[in-house]
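S.K.: Questions regarding the structure given below will be posed in turn.
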Amino acid sequence: MTQRVQLTLTLDQHQFNMASTMRMWRNQLIVLSVQPMLGIEMVRIEATPDSVWVFDKMNRRYTALDYAGANQILQPNISYKQLQDWVNSPIAPDKKASVHQSYQSGKHTLDITCKFSNREYNTLQEPQQTNTHKYKRVTLREILPL
């Protein structure tokens, strides 16, 4: 499944709105591709049933966390099943509906809004995680200002 997503990142008093694409392969992989400018992917977040991977595509670095590690940073706590259920929420009859989720880390907030009018299903694609050999592994705090 593929759908358009609107992200709002609040850092201190500044808000950044970003267009994104979310893809999901049930029980395997959820990919959030963030394209804040001109459709260029700058950040990719991949969630597998046992871990969360954050890729800084511009600086060629990444970090990986299990859900226990991610839940030490984010509130509310997350699990793969919760993410999958949220992404796969039923489409409302008016097709203009959206689902909203907000995560906090200290004074920073990440708001995710999925607009279901753009949801597409394609069973021909196979899930592929990003090749980590092209990236340097760093801590999450080096990628995100948490």
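S.K.: Tell me whether the stretch 109-116 contains one or more residues that are out of contact with any strand residue (DSSP E or B) (no Cβ under 7 Å at 6 or more places or on another chain) and modelled with pLDDT under 85.
M.R.: No: the stretch 109-116 contains no residue that is out of contact with any strand residue (DSSP E or B) (no Cβ under 7 Å at 6 or more places or on another chain) and modelled with pLDDT under 85.
S.K.: Does at least one position in the stretch 69-90 carry a residue that is under 16 Å from Arg23 (Cα atoms), touching a helix residue (DSSP H, G or I) at 6+ places or on another chain (Cβ under 9 Å) and either hydrophobic (A, V, I, L, M, F, W, C) or at pLDDT 85 or above (or both)?
M.R.: yes
S.K.: Turning to a different aspect of this structure: Return the pair list, or none, for Cβ contacts closer than 9 Å from residues in the stretch 51-67 that are farther than 16 Å from Val31 by Cα to residues that are assigned to a strand (DSSP E or B), at least 6 apart or on different chains.
M.R.: The qualifying pairs are Met58/Ile40; Met58/Val43; Asn59/Lys136; Arg60/Lys136; Arg61/Phe55; Arg61/Lys136; Arg61/Arg137.
S.K.: Here is a further query. Scan the stretch 49-62 residue by residue and report those that are surrounded by 13 or more Cβ atoms within 10 Å (Cβ to Cβ) and either touching an Asp or Glu at 6+ places or on another chain (Cβ under 7 Å) or more than 16 Å from Tyr103 (Cβ to Cβ) (or both).
M.R.: Pro49, Ser51, Trp53, Phe55, Asp56, Lys57, Asn59, Arg61, Tyr62
S.K.: Scan the stretch 45-68 residue by residue and report those that are more than 15 Å from the chain's Cα centre (by Cα) and among the aliphatic types (A, V, I, L, M).
M.R.: Met58, Ala68, listed by residue number.
S.K.: Within the stretch 5-19, is even one residue among the small types (Gly, Ala, Ser), surrounded by 12 or more Cβ atoms within 10 Å (Cβ to Cβ) and modelled with pLDDT under 85?
M.R.: Our first condition is that a residue be among the small types (Gly, Ala, Ser); within the stretch 5-19, this holds for 19.
Next cut, surrounded by 12 or more Cβ atoms within 10 Å (Cβ to Cβ) only: 19.
Subset that is modelled with pLDDT under 85: 19.
Looking through the stretch 5-19, at least one residue is among the small types (Gly, Ala, Ser), surrounded by 12 or more Cβ atoms within 10 Å (Cβ to Cβ) and modelled with pLDDT under 85.
S.K.: State whether one or more residues within the stretch 20-33 are at pLDDT 80 or above, exposed (fewer than 15 other Cβ atoms within 10 Å of the Cβ), farther than 26 Å from Tyr135 by Cβ and not small (Gly, Ala, Ser).
M.R.: Checked the stretch 20-33: at least one residue is at pLDDT 80 or above, exposed (fewer than 15 other Cβ atoms within 10 Å of the Cβ), farther than 26 Å from Tyr135 by Cβ and not small (Gly, Ala, Ser).
S.K.: While we're here: Restricting attention to the stretch 34-65, which residues are among the charged types (D, E, K, R) and under 19 Å from Lys134 (Cα atoms)?
M.R.: Glu41, Arg44, Glu46, Asp56, Lys57, Arg60, Arg61
S.K.: Something else about it: Can you tell me which condition Gln84 does not meet? The list is (1) without any contact (Cβ under 8 Å) to a residue 24 or more places away in the chain; (2) more than 25 Å from Lys136 (Cα to Cα); (3) within 12 Å of the chain's Cα centre (by Cα), and all the others hold.
M.R.: Unmet for Gln84, out of (1) without any contact (Cβ under 8 Å) to a residue 24 or more places away in the chain; (2) more than 25 Å from Lys136 (Cα to Cα); (3) within 12 Å of the chain's Cα centre (by Cα): (1).
S.K.: For residues in the stretch 1-44 being hydrophobic (A, V, I, L, M, F, W, C) and touching a Phe, Trp or Tyr at 6+ places or on another chain (Cβ under 7 Å), which is farthest from Leu140 (Cα to Cα)?
M.R.: Among them, the one singled out is Met1.
The values are calculated or read from the model by the stated rules, or taken from the named source; none is laboratory data. Quantities reported herein were computed from a predicted structural model and do not represent experimental measurements. Heads up, the Cβs are rebuilt from the backbone with ideal geometry, glycines too, and the neighbour counts pull from every protein chain shown.
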